[in-house]
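The numbers here are math on the coordinates, done by the rules we state, and not lab data. What you see is a predicted model, and the numbers here were worked out from it, not measured in a lab. Here the Cβ is made from the backbone with ideal geometry for all residues, glycine too, and neighbour counts use every protein chain on show.
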Amino acid sequence: MPPDFLVIGAMKSGTTSLYRYLRDHPEIQMSTTKELHFFAEPEVWTRGWEWYESQFPVRAAETVAMGEASTSYTKFPELGGVPARIAEHLPEVKLIYVLRHPVERMRSQYLHRIGEATESRPIDQALVEDSSYLHWSQYATQIQQYLEVFDRDRLLVLTSEHLKSDRRATLERVYGFLGANPTWTDPVQDEEFYRAEDKRGFGPTASRLAHYPRLRRLARRAPRWVKRAGLGSIDTSKGSLSPNIRATLASRLREDVTALRAFMPEDFDGWGIG
């Protein structure tokens, strides 16, 4: 049976924690694998609709919402056409988009790639040269792609900062949006999952291979279980950004953050950017 809702991103914004909070709610079921990437990645799309439906458990009698969470669904323009494919197959689906301070999200994405041995450049260089870091933090742009094919009321926008600092109230919004009991609580809600500082990375030999662009591209296409079979902890000090680069990134993001205000509560502070 197809899902009723999708968590569409953003990458490195707390979607793994949200997946767990949703999965453990007694009235919500999630795909067995968190990230299916069905509507975004061509090699997964070719597996077909029957394969996609088979990734979800049998719907229990008490279930009011079934979903999955794939951060690749908000990686426009690198992965285009995703909202249209979703709308074609799931026209009534609900969408949940979790946002994070856009520069901090970029830093975390960089550390993620360091851990997978798919990035070797210094962070100040990588975040300026590789446009995907910036694109995936342009949240208003990503939202606009969905609003071309979905009504606004089908989209719930959250921030990871609120999910962390005011978790119970934020989850009440999420559960209520999905039609589940909004006041349900559980000790699992006191935990965070898959934080950057807890992630493991590849060893020095694999990391050196990331200096070669062709091998780096091949590594990014490797199965996720391979990329996550790391050795040792990631050196998070590699994610230290210079003030000048922070200012440059904030300048490039300002217009998008300003546009994002149209989709956020009145007290949204724009992370001090826009």
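Full extension of the chain between residue 247 and residue 259 gives 2.4 nm of extra length, using 0.36 nm per residue less the Cα-Cα distance. Between the C-alpha center of region 47-76 and that of region 108-122 there is a gap of 28 Å. Between residue 184 and residue 266, the C-beta separation translates, for a Förster distance of 30 Å, into a calculated FRET efficiency of about 0.60. The distance from the alpha carbon centre of region 128-151 to that of region 160-191 is 25 Å, rounded to a whole number. Within region 83-146, the GluC sites (Glu not before Pro) that combine a DSSP coil assignment with at most 14 other C-beta atoms in a 10 angstrom radius are 92.
Take every Cα pair under 8 Å in region 51-177 that's 6+ residues apart, average their separations, divide by the length, and report that relative contact order as a whole percent. Could the numbers behind the result be given before it?
Details: 79 pairs, mean separation 41.8, N = 127.
Relative contact order comes out at 33 percent.
If you take every residue apart from residue 25 with its C-beta less than 12 Å away from the C-beta of residue 25, what net charge results, scoring Lys and Arg +1 and Asp and Glu -1? Let's see the in-between values first.
Working: positive: 20, 23; negative: 24, 27, 62, 172, 186.
Around residue 25, the surrounding residues sum to -3.
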